[in-house]
Amino acid sequence: MLSTGIYAGLGAVAGLGLATCGFAYASVWPGSRLFGEALVAPRRPGELALTFDDGPNPAWTPQLLDVLASHGVRATFFMLGKYAQAEPALVRRVAEAGHLIGSHSWSHPNLAIAAPGRVRQELVRTKEMLEQTTGVQIKYFRPPFGGRRPAVLRMARSLGMSPVLWNAMASDWSDPSADRITKRMMHSIDRLERRGWAANILLHDGGNLGLGVDRGPSVTAAGLLLSHYITTHRFVTVDAWS
Ligand SMILES: [Zn+2]
């Protein structure tokens, strides 16, 4: 029984059913219950999962790995298949540092409006690429843009991957100020904690529009969050919650 994980999802009726058998319900991510079941975060205040989307990015992922290593923290990386294909050594470096790697599709389409054949191709190709590159089974999937149509999440599960969303974000992909990103993120994390939830923190080490985008602010923000919370909180990878 997954009593420790929260699964945002299903319809309101199904959600009530889940709540009665020990699941916490998705009040932290109210929209998600309309779109199917996905892992967000459990009721474990004090636990934080740093997650990074849209990499690997040769311009910034290595610096991010150094920041994480300097704090002895493991994070979760939801990678794009097309970048993994271009940067296999960097993918291996992430895996060998002990981080959890998940799929973020091959090319970052909005899967909520993609044809079923396209969805399947995006998921299968990325899973195979990441598994061949790392030698590790890929068990987690985060839909691009949070596009969580039930059919998409069902397909991910049929391929052996649990869908993962998030409950803390700060528009780091568009804000050049690391301080602003960090402040907004701390506000979300602290609010979640007051309400009794762990934080599933969405940041970006890459960008869906091309390899090599500037993610300096995101990497700096990750370092500031680590410095702020490292002595009082436990950093986990999302597999700790499933
Ligand atoms: Zn993305």
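Details
- Simple spin-label estimate for H187 and Q85 in nanometres, 7 Å along Cα-Cβ: 4.1 nm
- Selection from T220, A199, V136, by position along the positive dipole direction of the chain (Cβ): A199
- Residue-averaged 222 nm ellipticity for the chain, from DSSP H runs of 4+ at -39500 (n - 2.57), nearest 500: -12000 deg cm²/dmol
- Å² per residue, accessible surface of the chain at 1.4 Å: 41 Å²
- Its Cα centre serving as origin, the chain has a Cβ charge dipole (Lys and Arg +1, Asp and Glu -1) of approximately 680 debye.
- Charge-dipole axis of region 74-233 as Lys and Arg at +1 and Asp and Glu at -1 on Cβ define it, positive-most pick from L123, T231, P88: L123
- Surface composition of region 34-165: carbon and sulfur make up 53 percent of the accessible area, probe 1.4 Å.
The values are calculated or read from the model by the stated rules, or taken from the named source; none is laboratory data. Since we're looking at a predicted model, the values are computed, not measured. Reconstructed Cβ throughout: ideal geometry from the backbone, glycine too, with neighbour counts over all protein chains shown. Each accessible area value is taken on the protein alone, full model and side chains, heavy atoms only, with ligands, DNA and RNA left out. Shrake-Rupley method; radii C 1.70, N 1.55, O 1.52, S 1.80 Å.
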